[in-house]
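Peer 1: Have a look at the structure that comes next, please.
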Amino acid sequence: MSGPAIKKICERAFQQGDGRYERLATISISHLYNLRQSKTYERTRGNKNSTRSTQRAIGVRRRPDPQGRPGYIRVDTVHQGDKDGVKGLYHINAVDEVTQYEVVCTVEKISERYLVPVLEGLLAGFPFRLLEFHSDNGSEFINHQVAALLNKLNIALSKSRSRHSNDNALVESKNGSVIRKLLGHAHIPQHHAEQFNEFDKKYMNPYINYHRPCFYPETRIDKKGKEKKVYRYENMMTPYEKFLSLDQPEQYLKEGITLEQLKTCLSPPLSGINRFVRNA
């Protein structure tokens, strides 16, 4: 109870004949609060339960370290709004850290039943070999079904570290600058998931990777030895152009994929994108 309430109770007890409260009946209210802050009081009256962390043996808690190699992707989900208590569909966004090559797919729900089959197509959408799959700690990705799928493909699974909010910042920034810019925030019913997934494959992914330029950071070191990332206009290029700029890019391609095959994606029907978005 508050200090005044405690003092009033002690006064009433003494007035009603309980001599044990003679000194407490005149105690200062501020002194009551001082006593509550003492270690003796805290040990006697305090009951503190520390938060117990839940340990999951799925995935490694670390930040990916690609060292200039493609194949280290960051993954996140984007929810397409609620309406009258009804959930909308979900976009799964995956971005390679080095080239910013991006693959988007759409699912009705993010449960294992819907997510795992679409993830297989998402992973197949990258032309180069994948080495690591990094996500936040959401249960849609950190589960045994996804871990088994990645293990079958020899792809390491990692997850964001505690108190390191920028571990998955790349894909989160793409959520806003790409998906929200193209598709907005409005509610889209879940039964349109298959239609949007076809749109992702035919129009959105080719446009993002072969026609939409991205900034790429350039690290500079000042006189004090502090690193600073600078985004120069001259360094803007598409993810496809960034991949070609790597040393011997063909060494990273998946088996059966050639650089000549990638060139066929340079002419997507951009009018189809405008028509699809307008009709949606």
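Peer 1: Quick one: R212 ticks every box in (1) touching a helix residue (DSSP H, G or I) at 6+ places or on another chain (Cβ under 7 Å); (2) under 23 Å from Q80 (Cβ atoms) bar one, so which box is it?
Peer 2: Result: R212 passes all but (1).
Peer 1: Considering only the stretch 210-252, how many residues are in contact (Cβ under 8 Å) with a residue 12 or more places away in the chain, closer than 18 Å to P66 by Cα and loosely packed, with under 12 Cβ neighbours inside 10 Å?
Peer 2: Count: 2.
Peer 1: Would you check which residues across the stretch 102-148 are open to solvent by 30 Å² or more (accessible area, probe 1.4 Å), assigned to a loop (DSSP other than H, G, I, E, B) and of a type outside the set (D, E) and list them?
Peer 2: K109, I110, S111, G125, R129, L131, N137, S139
Peer 1: Go through the stretch 1-32 and give me each residue that's open to solvent by 90 Å² or more (accessible area, probe 1.4 Å) and within 22 Å of R45 (Cα to Cα).
Peer 2: M1, K8, R20, R23
Peer 1: Next question, about the same structure. Looking at K224, K228, which is the one that is over 30 Å from R129 (Cβ atoms), out of contact with any strand residue (DSSP E or B) (no Cβ under 6 Å at 6 or more places or on another chain) and at pLDDT below 90?
Peer 2: Criteria check complete, one pass: K224.
Peer 1: Of all residues being open to solvent by 30 Å² or more (accessible area, probe 1.4 Å) and out of contact with any helix residue (DSSP H, G or I) (no Cβ under 8 Å at 6 or more places or on another chain) in the stretch 149-160, which is nearest to L262 (Cα to Cα)? Just the residue, please.
Peer 2: N154
Peer 1: A further question on this structure: Take N168 and decide whether it is closer than 17 Å to V107 by Cα and either crowded, with 17+ Cβ neighbours inside 10 Å or touching a strand residue (DSSP E or B) at 6+ places or on another chain (Cβ under 9 Å) (or both).
Peer 2: No, not satisfied.
Peer 1: Mind listing whichever residues of the stretch 77-89 are part of a strand (DSSP E or B), touching a residue at least 40 places away in the same chain (Cβ under 8 Å) and open to solvent by 10 Å² or more (accessible area, probe 1.4 Å)?
Peer 2: Once the filter is applied, which keeps residues that are part of a strand (DSSP E or B), touching a residue at least 40 places away in the same chain (Cβ under 8 Å) and open to solvent by 10 Å² or more (accessible area, probe 1.4 Å), the stretch 77-89 yields T77, D82, K83, V86, K87.
The values are calculated or read from the model by the stated rules, or taken from the named source; none is laboratory data. Everything quoted here is computed from the prediction, not taken from an experiment. For neighbour counting, all protein chains shown are included, and Cβ atoms are generated from backbone atoms with ideal geometry for every residue, glycine included. Just the protein is used for accessible areas: all its heavy atoms, side chains included, with ligands, DNA and RNA removed. Shrake-Rupley method; radii C 1.70, N 1.55, O 1.52, S 1.80 Å.
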